[in-house]
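Engineer: Before I ask anything, let me first share the structure, which is written out below as structure tokens.
The values are calculated or read from the model by the stated rules, or taken from the named source; none is laboratory data. What you see is a predicted model; the values in this text were computed from it and never measured. Don't worry about glycine lacking a Cβ; one is built from the backbone with ideal geometry, like all the others, and counts go over all protein chains shown.
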Amino acid sequence: MLHKAVNVSDRLLGEGIKIGVVNTSCPIDVCSCAVETALSTGFILTYEDHHVRTGVGCTIAKMIAGKSKCSFISMGITRYGGSAHPDRLYEDMGLSERALLENIKKELSSKE
């Protein structure tokens, strides 16, 4: 998933949009400093192949709840099952690079 996020970040940079990408190896061990920095931007999007109810998105949502006004989007697995090539599974779950790019652009355009 990290490589997909970096690819999207590079594409956005080519369009003059700079975003940050932070990687964590464990959905329950998230660096609070990184979250505070992201919180200051006003927009956090998590992108993972863990379930949205138990993954890093859930952890970060708990960390930022009530701290400040911040748009938050959690992209992750919403159902279990399926067997196919990983790219097909990511597409089926709405986790393709295209879906990530669309979610970021949609949120950024709503702030203009």
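Engineer: Report yes if some residue within region 37-44 is farther than 19 Å from Val8 by Cα, at pLDDT below 90 and not small (Gly, Ala, Ser); otherwise report no.
Structural biologist: No.
Engineer: Same structure, new question: Of all the residues that make up region 57-112, how many are not in a helix (DSSP H, G or I) and not hydrophobic (A, V, I, L, M, F, W, C)?
Structural biologist: Matching residues across region 57-112 total 18.
Engineer: Let me ask something additional. Tell me which residues, restricted to region 1-41, are outside any helix (DSSP H, G or I), within 17 Å of Asn103 (Cβ to Cβ) and among the aliphatic types (A, V, I, L, M).
Structural biologist: Met1, Ile17, Ile19, Val21, Val22
Engineer: For region 42-56, name all the residues that are surrounded by 16 or more Cβ atoms within 10 Å (Cβ to Cβ), in a loop (DSSP other than H, G, I, E, B) and of a type in the set (Val, Ile, Thr). If you could, list the steps in order and put the result at the bottom.
Structural biologist: Taking region 42-56 first, the residues surrounded by 16 or more Cβ atoms within 10 Å (Cβ to Cβ) are 43-48, 50, 52, 55-56.
When the remaining residues are screened for being in a loop (DSSP other than H, G, I, E, B), the result is 52, 55.
The one that is surrounded by 16 or more Cβ atoms within 10 Å (Cβ to Cβ), in a loop (DSSP other than H, G, I, E, B) and of a type in the set (Val, Ile, Thr): Val52.
Engineer: Here's another thing I want to ask about it. Output the number of the condition that Ile104 fails; it satisfies all remaining conditions of (1) β-branched (Val, Ile, Thr); (2) over 18 Å from Ser9 (Cα atoms); (3) surrounded by 17 or more Cβ atoms within 10 Å (Cβ to Cβ).
Structural biologist: With (1) β-branched (Val, Ile, Thr); (2) over 18 Å from Ser9 (Cα atoms); (3) surrounded by 17 or more Cβ atoms within 10 Å (Cβ to Cβ) applied to Ile104, the lone miss is (2).
Engineer: From the list Val21, Val30, pick out the single residue that is loosely packed, with under 14 Cβ neighbours inside 10 Å, closer than 16 Å to Leu2 by Cα and either in contact with a helix residue (DSSP H, G or I) (Cβ under 6 Å, 6 or more places away or on another chain) or among the charged types (D, E, K, R) (or both). Let's see the steps before the verdict.
Structural biologist: Details: Val30 fails: loosely packed, with under 14 Cβ neighbours inside 10 Å.
After applying the criteria, what remains is Val21.
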